[in-house]
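Here is the structure we will look at.
Nothing in this text is a laboratory measurement; each read-out follows from the coordinates by a stated rule. It should be emphasised that the depicted structure is a prediction, and the values quoted were computed from it without experimental measurement.
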Amino acid sequence: MRLNIKVIAPDRTVWNAEAEEAILPSSTGQLGILQGHIQLLTALDIGVMRVRIKKEWQPIILLGGFAEIKDDNITILVNGAEEISDIDIDKAQNNLEQAINNLNEAKTDKDKIEATQNLRKARARIQAANVINN
């Protein structure tokens, strides 16, 4: 038996497939899930979920949410997600540098929160690129 993984965003089902293993970006750190995992409900942070299918890792950027693990089923409800098949590492690096600059220049609390979220997304894209390129 394998893990059944479903990632659901408000506007669509992002992922619905079987896998051997998943690593989730939980709010308390990386959380590895294998077949037979204990039942669990956890908050997810902005970050990269890595899914292993036939010995290959595939990254998906999750933009925060919750995951429920029960009976080898992982149901993930997210605020948003980005599937990654090919990332231009130079563009991702430029976006990361711009996000850092925007955070440094933010004046209001609202601007700081938005800049922080964009920085976390940019870092997740770089992390996803590293999964693809390794």
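For the chain, the Stokes-Einstein estimate of translational diffusion at 10 °C and a viscosity of 1.306 mPa s comes to 103 µm²/s, using the Kirkwood hydrodynamic radius over alpha-carbon pairs. Computed from Cα atoms, the angle from the helix 109-133 axis to the main principal axis of the chain rounds to 50 degrees. Distance from the Cα centroid of the stretch 1-53 to that of the stretch 88-134 is 23 Å (rounded to whole angstrom). Between H37 and D72, the built amide H atoms are under 5 Å apart, and every one of these is 5 or more places off in sequence or on another chain.
Here the Karplus curve 6.51 cos²θ - 1.76 cosθ + 1.60, taken at θ = phi - 60°, turns the phi angles of the stretch 60-72 into couplings of 9, 7, 9, 9, x, x, 9, 10, 10, 10, 7, 6, 6 Hz, with x standing for Gly and Pro. Residues considered: L103, L119, L40. Largest GNM mean-square fluctuation over the chain, using C-alpha springs under 10 Å, is found at L40. With all projection directions averaged, the alpha carbon convex hull of the stretch 89-133 covers 2.7 nm².
Does anyone have the angle between helix 89-105 and the longest principal axis of the chain? Alpha-carbon axes, 0 to 90°, nearest 10? Tilt relative to the chain: about 60 degrees.
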